Amino acid sequence: MTTLEWRRMSERLRRLRRTSALRELVRETRVDAGDLIYPIFVSETAVEPEPILSMPGQSRLPVSAVGAKAREAFDLGVRSLLIFGLPESKDESARSAMGADGVVPRAIEAAKAACPDMVVMTDVCVCAYTPHGHCGVLRGHEIDNDASLELLAEMAVAHARAGADVVAPSAMMDHQVRALRSALDGAGLAETVVMGYSAKFASAFYGPFREAADSAPSFGDRSSYQHDPANIRHARREILADVQEGADILMVKPGIAYLDVVRLAREISDLPIAAYNVSGEFSMVKAAAERGWIDERRVVLETLLAFRRAGADLVITYHALDAARWLDERD
């Protein structure tokens, strides 16, 4: 018998799976609450939390409730929030997105006042601030890319001045990372981190978010500026462009159906990679769990492992607080 034959006969892969202690010892991928980013919706008109019907357990928060939510997350080990704002008024020029007294700057200040060590991230996009619901300036029914960049840059500077640690342009305009980086540096805010929505696809998984953020387009869709779900080579070009334009963190959105893109991003860049476990993915799990069809805890933790195994360093997820509690129980 050759050495190779002997080794094949003696190999028992189940040895390392025999007990929970052995499985823990050799586990390759782990999830920690500190890897998670919790997205919140903050409404300028809300006076108390307003439940989001299509996202069970999630609510639009008044600014007055942001501090308590930040402290709750931080105490659970979730050290990052991503803030989406819902303004009181909308207009074609999205002016309510730019002011220092807008809903997002006020939410940033509330989060930082309650929890100074919380990493506060903000979404930089005008879809929730315009009556048409698109992510940039309209010229007829077309998006003016370069005029949109000016709005996004101004919005990012307002957020950074209010104390945001990270700004994340989600509009999918060409050169949005460069525009934000240049504006922030020019305003003396060079320490502000830019997280690029580097591979954001025109996905059907965003449905519940549109309700939560009141940001559905009034006509058409966003296929002219978000990625075609069929194209990974094009996404690769966008990822590389964000790297070249100065992004500090890259993001892939959605998550579960795009783990191949997460892996691609990991292979072509050493920057931190975030995966966005989006609203539709969240709501499908919730709906199935409510019907008793799945074990919510196990499915959520397995999904988070999948993001990390594919190469994501960070996971943006509405499950963050529940997951943190379950991870603490596991430990």
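The values are calculated or read from the model by the stated rules, or taken from the named source; none is laboratory data. Bear in mind that the values here come from a model prediction, so they are computed numbers and not experimental data. Neighbour counts are summed over all protein chains in view; Cβ atoms, including those assigned to glycine, are modelled from backbone coordinates with ideal geometry. Just so you know, the surface numbers come from the protein's heavy atoms only, side chains and all, with ligands and any DNA or RNA stripped out. Shrake-Rupley method; radii C 1.70, N 1.55, O 1.52, S 1.80 Å.
Results, tabulated for the structure shown:
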item: Checklist (1) over 24 Å from ASP117 (Cα atoms); (2) free of Cβ contacts under 8 Å to residues at least 24 places away in the same chain; (3) small (Gly, Ala, Ser) applied to ALA65, failing item; result: (1)
item: Options ASP146, ASP91, ASP117: the member that is assigned to a helix (DSSP H, G or I) and farther than 26 Å from VAL285 by Cβ; result: ASP146
item: Odd one out for GLU211 among (1) at pLDDT 90 or above; (2) in a helix (DSSP H, G or I); (3) surrounded by fewer than 21 Cβ atoms within 10 Å (Cβ to Cβ); result: (1)
item: Qualifying position, being touching a helix residue (DSSP H, G or I) at 6+ places or on another chain (Cβ under 8 Å), touching a residue at least 24 places away in the same chain (Cβ under 8 Å) and farther than 19 Å from THR317 by Cα, among ARG71, ARG106; result: ARG106
item: Qualifying residue in the range 294-308 (condition: touching a Phe, Trp or Tyr at 6+ places or on another chain (Cβ under 8 Å), open to solvent by less than 40 Å² (accessible area, probe 1.4 Å) and touching a residue at least 24 places away in the same chain (Cβ under 8 Å)); result: yes
item: Subset of the range 127-152 that is over 20 Å from the mean Cα position of the chain (by Cα) and modelled with pLDDT under 70 - its residue that is most open to solvent (accessible area, probe 1.4 Å); result: PRO131
item: Residues located in the range 165-187, provided they are open to solvent by 10 Å² or more (accessible area, probe 1.4 Å) and hydrophobic (A, V, I, L, M, F, W, C); result: MET172, ALA179, ALA183, ALA187
item: THR317 vs. criteria open to solvent by less than 60 Å² (accessible area, probe 1.4 Å), over 23 Å from VAL177 (Cα atoms), hydroxyl-bearing (Ser, Thr, Tyr) and at pLDDT 95 or above; result: no
item: All positions within the range 32-60 that are over 18 Å from the mean Cα position of the chain (by Cα), assigned to a strand (DSSP E or B) and in contact (Cβ under 8 Å) with a residue 24 or more places away in the chain; result: SER43
item: Tally of residues being surrounded by 14 or more Cβ atoms within 10 Å (Cβ to Cβ) and either closer than 27 Å to LEU86 by Cβ or in contact with a helix residue (DSSP H, G or I) (Cβ under 6 Å, 6 or more places away or on another chain) (or both) across the range 17-43; result: 10
item: Residue count, the range 242-255 (criterion: among the charged types (D, E, K, R) and either open to solvent by 30 Å² or more (accessible area, probe 1.4 Å) or in contact with an Asp or Glu (Cβ under 7 Å, 6 or more places away or on another chain) (or both)); result: 1
item: Positions within the range 164-192 being within 22 Å of GLU109 (Cα to Cα) and assigned to a loop (DSSP other than H, G, I, E, B), in sequence order; result: ALA164, ASP165, SER170, ALA187, GLY188, LEU189, ALA190, GLU191, THR192
item: The range 290-306, residues that are closer than 15 Å to ASP35 by Cα and touching a helix residue (DSSP H, G or I) at 6+ places or on another chain (Cβ under 7 Å); result: VAL300, LEU301, THR303, LEU304, ALA306
item: Residue among TYR258, TYR276 that alone is open to solvent by 10 Å² or more (accessible area, probe 1.4 Å) and of a type in the set (Phe, Trp, Tyr); result: TYR258
item: Meets criteria (within 21 Å of PRO208 (Cβ to Cβ) and either assigned to a helix (DSSP H, G or I) or open to solvent by 60 Å² or more (accessible area, probe 1.4 Å) (or both)) for ALA265; result: no
